[in-house]
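Please treat every number below as a calculation from the coordinates, not as lab data. All of these numbers come straight from a predicted model, not from anything done at the bench. Because the Cβ atoms are built from the backbone with ideal geometry, glycine has one as well, and the counts that use them run over all protein chains shown.
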Amino acid sequence: MTLHLIKLCVGIDRLEQLHELQHIRAASRLARGERPNPWHITRMTPRRGEELLDGGSLYWVIKRVVQAHQRIVALEEVIGEDGIRRCRLVLGMDLIATQPQPRRPFQGWRYLAGADAPADLGRAGGGAELPGALRAHLREIGAW
């Protein structure tokens with residue numbers, strides 16, 4: 001069974017904003033000769049890392065709704081300027097929209113079983129072509 005992580009996307013208001021931010025950062029990394037992959041640093045290293053690297057993704061919760069995921073391609077130890085060890089979650093380049101799935105706020109990240117992960121919009125039967133603002137409005141009025 002596939003294992004994923006789920007994480008709040010703090011400071012981001014809509015999926016398009018996350019996509020734009022990652023695109024800008026990827027271009028900047030390429031210009032510096034670094035790999036362009038997006039990454040996220042967490043304080044805790046997942047103990048089930050092998051399972052995550054076997055097809056797992058990081059699911060992003062934006063405004064209390066799971067809206068997208070990215071494949072986890074590597075887990076790297078990094079040491080901050082404060083000398084504390086952390087984990088860099090290196091992600092795939094594709095940001096894949098998912099069926100909206102409401103989530104309550106939580107701290108840090110959580111494991112997410114494959115059976116509990118929302119389906120991709122493209123495979124779930126519609127909605128992928130809709131603008132993000134329209135998808136958000138449909139969620140707000142309870143139509144989706």
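Please report, in cubic angstrom per residue, the volume enclosed by the convex hull of the alpha-carbon atoms of the chain.
Details: hull volume 17.8 nm³, N = 144.
Residue-normalised Cα hull volume stands at 124 Å³.
The loop-placed GluC sites (Glu not before Pro) in segment 60-128, going by DSSP, that have at most 11 neighbouring Cβ atoms within 10 Å of their Cβ come out as GLU81.
Based solely on its DSSP helices, what 222 nm [θ] is calculated for the chain when runs of n ≥ 4 H residues each add -39,500 (n - 2.57) and the sum is averaged over all residues, nearest 500 deg cm²/dmol?
Working: 4 runs with 34 residues, N = 144.
Computed ellipticity for the chain at 222 nm equals -6500 deg cm²/dmol.
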